[in-house]
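Okay, structure first, notes after.
Bear in mind these aren't lab numbers, they're just calculated from the coordinates by the rules spelled out. All of these numbers come straight from a predicted model, not from anything done at the bench. Here the Cβ positions follow ideal geometry from the backbone for every residue, glycine too, while neighbour counts run over all protein chains shown.
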Amino acid sequence: MIANPFQMNDWKNKKFVSVVLIVQLTMLGLVGLGALGFDIPVLRQIVGFVYLTFLPGIIILRLLKLHELGPVRTLLYSVGLSLAFNMFLGFLINMLYPHIGISRPISTLPLVATWTLVLCLLCFIVYKTDNGFFIPTHFKVGGLFSPPVLFLILLPLLAVVGTQLVRSYQTNIVLMILIGLIGLVPILAMFARFIPERLYPLAIYGTALALLWHLSLVFTYLAQWDSFLEYHFSARVTESGFWNSDVPHEYNAMLSITILPATVSQLLNISGTALYKLIYPLWYALVPLGLYEVYRSRLDNRLAFLAVFLFVSIDVFFLHLPFIGRMMVAELFCVLLVMLVIDREVTSSKRALLILFGASLVVSHYSLSYLYIAFFVFSLIVLHLLREKTVRMTTYSVMSFIVIGLAWYMYMSGSAPLDAAAHIGKHLYESLSLELLNPFSRDAVQVLMGISPDVLHWTYRILWYLVLFFMAVGATALLSDLRRREANKEYATLAIGNYILLGACITIPFFSNTLGVTRMVHIASLILAPFCILGAEIVFRGLSRAIQFIRRSIPSPTKPTAAVTAILVLFFLFNTTLPFEIADSPVGRSMPLEYGHITSGEKSIELGDRIDFWQKRLAEQEVSSAEWLAKHRSEERRIHATYVQIGVPVLLSYGMIPEEQTRNLTPLTTMKDIESSYVYLGYVNMVIEYGTTGAHLGRPDPVLGDIMH
């Protein structure tokens with residue numbers, strides 16, 4: 001047995017400082033070798049990841065004298081503190097260093113020097129102030145080779161192998177096997193007991209990481225609209241070595257996609273693409289692990305595990321968010337905030353963490369910040385009305401959250417985040433008078449009442465209805481929480497706020513259109529997943545008793561947990577679209593499972609779906625041509641190209657050409673309009689021969705035809 005590395009804050013002080021210094025010296029040596037041209041690729045990335053993701057946080061935990069947190073909480077708080085440390089220290093040197101003659105503060109040498117100096121200073125303070133604490137912690141190395149541990153470690157490895165097979169050989173058989181094995185995890189944990197409760201944290205992290213990687217690693221480059229914009233702003237910082245906070249765009253105000261990726265990219269010597277595909281999922285997979293700690297305050301371990309499985313089963317988690325860096329980081333801070341709010345042991349250090357994680361959420365994602373500010377204010381009001389004294393969610397901490405949010409959004413990026421919120425508010429206000437009585441103005445209604453073309457889609461829709469129904473029934477458990485004295489009232493009031501959020505998606509026109517109704521359900525499930533499990537237990541327990549009463553020959557009712565697990569496994573499988581793939585359904589398959597069919601050309605799909613696929617996924621020729629154009633173009637000449645939602649994705653991201661420097665190439669564009677300009681034709685134009693919206697399907701616009709001939 002060795003000392004538990006996930007509880008370094010409980011180690012002897014001398015041993016703790018020694019390990020920190022060894023990691024620091026190793027990092028310095030690897031960076032130095034890289035500067036001399038002897039970069040050790042994999043080793044530098046692994047050591048650098050530990051150095052930036054874990055080391056600052058564990059030092060700060062020790063500095064705050066936060067001990068005996070347990071391995072899971074220690075890991076979560078350490079990672080959260082480390083990410084906050086990297087963002088805010090990077091922001092600080094970005095503001096200060098130009099005044100002392102360092103024009104590129106976010107570059108390798110200033111970053112290495114600053115991180116080394118600050119971490120060594122903090123480590124010295126820890127050595128002097130926290131010298132008396134020590135609790136022996138042990139980690140059984142032999143347990144790493146047990147069958148359940150090897151099985152759980154195998155899941156992320158299968159995701160890596162499966163995605164490479166899809167990219168290289170257009171076969172998704174390994175990914176299909178992976179999804180089937182993940183579907184077995186709750187069964188093995190609930191009934192076979194192959195996965196014991198002590199391994200639930202590993203099962204949760206391994207499952208979550210495998211699901212995230214099974215999408216992010218299947219692409220050669222970035223994919224989906226948000227990632228192109230995020231990459232553009234992070235690459236601007238990386239290339240210039242400086243974050244220009246005056247650029248008027250709400251994405252530019254988020255340190256989670258500007259300072260943070262630029263810092264990690266420089267110190268790890270890793271590309272922005274690899275950072276989004278590999279590192280961000282490693283951070284985001286901690287969110288379900290933190291939720292397990294949260295849910296255990298309301299449920300026993302087995303039901304808490306099922307609640308987490310429900311959260312990761314919603315397709316937004318693994319089919320949408322793996323390329324939205326700011327939301328992945330922000331959700332981690334949301335979970336850390338909830339963990340602190342429900343913590344029954346309150347200290348001044350944990351109150352400080354509450355404010356710090358609130359500030360970190362503010363600089364990570366403006367939409368989630370607005371939602372959680374609203375949740376906290378609502379909770380504080382309800383607790384006051386219930387005459388409940390809260391020592392965790394105080395008026396001071398909530399007001400600090402609000403002040404930090406308003407100050408940041410007012411003074412960064414030309415108040416773009418505040419302007420975006422004001423624009424959304426204005427749109428909602430205007431739509432209330434115009435579309436209040438129109439049910440189809442609600443995105444949720446369109447999703448729930450849409451047409452299902454076959455039995456599989458009907459089954460999928462019914463599973464969604466059941467999940468939402470169970471979540472509604474779970475509100476009865478929430479009401480009992482409000483009546484019970486020993487219940488956590490802070491968590492209960494947060495749950496009420498999330499129920500209101502779901503209600504607003506159904507009742508307020510266009511409310512859910514900003515983020516999308518499925519993403520709203522995903523956000524609400526962060527808090528409401530336990531109540532969905534409780535609601536399902538209530539329903540099946542009632543049905544079982546009713547059947548037993550009607551047919552007294554039945555000796556004992558069916559266990560509700562078995563029925564709940566079966567529905568959750570089916571819900572997960574349908575969200576991964578595995579049944580649609582097995583049935584060779586023409587619609588409804590996910591990108592990881594469908595990717596090989598499309599790129600190999602073996603699947604005949606409609607023109608609109610082909611265009612959507614290639615606009616969200618960049619071809620290698622597009623990236624190469626965009627990089628060439630960015631290097632050789634004259635900035636005095638305009639660029640005409642086919643626009644999509646965010647402009648021209650490949651020019652914006654890998655070409656680093658701002659949207660305002662491009663012009664839309666439309667069916668009305670003439671040859672005269674493009675004189676003395678560049679014309680960029682992408683994969684959709686050259687291979688599919690499709691121009692822009694309004695063009696004749698299957699052949700290019702007139703001007704495109706002239707250009708290509």
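Assorted remarks:
- For the chain, the relative contact order comes to 13 percent (Cα pairs under 8 Å, sequence separation of at least 6).
- Sorted by Cβ density within 10 Å, fewest first, the residues C505, C120: C120, C505
- Relative contact order [Cα under 8 Å, 6+ residues apart], the stretch 5-129, whole percent: 31
- Approximating the spin labels as points 7 Å out from Cα along Cα→Cβ, the F38-to-V50 distance works out to 2.1 nm.
- Which listed pairs, of K14/K489; K128/K350; K277/K672; K65/K277; K12/K489; K14/K277, have C-alpha distances above 31 Å, in listed order: K14/K489; K277/K672; K65/K277; K12/K489; K14/K277
- Backbone geometry of the stretch 271-286 corresponds, through the Karplus equation with coefficients 6.51, -1.76 and 1.60 at θ = phi - 60°, to 3J(HN,Hα) couplings of 6, x, 5, 5, 4, 5, 7, 10, 6, 4, x, 4, 6, 5, 5, 6 Hz, x marking Gly and Pro.
- Charge dipole of the chain (Cα centre as origin; +1 on each Lys and Arg Cβ, -1 on each Asp and Glu Cβ, all else neutral): 2720 debye, rounded to the nearest 20.
- E620-A566 pseudo-label distance in nm [points 7 Å out on the Cα-to-Cβ vector]: 4.8
- Residue exposure sequence - V118, V467, V287, V17 - by fewest surrounding Cβ within 10 Å: V118, V17, V467, V287
- Working note: Karplus 6.51/-1.76/1.60 with θ = phi - 60° gives the stretch 178-189 the couplings 4, 4, x, 5, 5, x, 7, 4, x, 5, 5, 7 Hz, where Gly and Pro are set to x.
- Per-peptide average of other Cβ atoms within 10 Å, ordering 66-79, 580-593 highest first: 66-79, 580-593
- FRET efficiency for Q661 and V687, using Cβ-Cβ distance with R0 set to 30 Å, rounded to 0.05: 0.75
- Taking amide H as placed 1.01 Å from N in the peptide plane, the amide H of Y680 sits under 5 Å from that of H640, A641, each at least 5 places away or on another chain.
- FRET efficiency for I187 and R387, using Cβ-Cβ distance with R0 set to 45 Å, rounded to 0.05: 0.50
- The calculated FRET efficiency for T670 paired with E239, based on their beta-carbon distance and R0 = 45 Å, is about 0.80.
- Derived scalar couplings ³J(HN,Hα) [the stretch 226-231; Karplus, 6.51 cos²θ - 1.76 cosθ + 1.60; whole Hz; x for Gly, Pro]: 4, 5, 5, 5, 4, 4
- Segment S585-Y169, extension gain: residue separation times 0.36 nm, minus the distance between their alpha carbons: 147.6 nm
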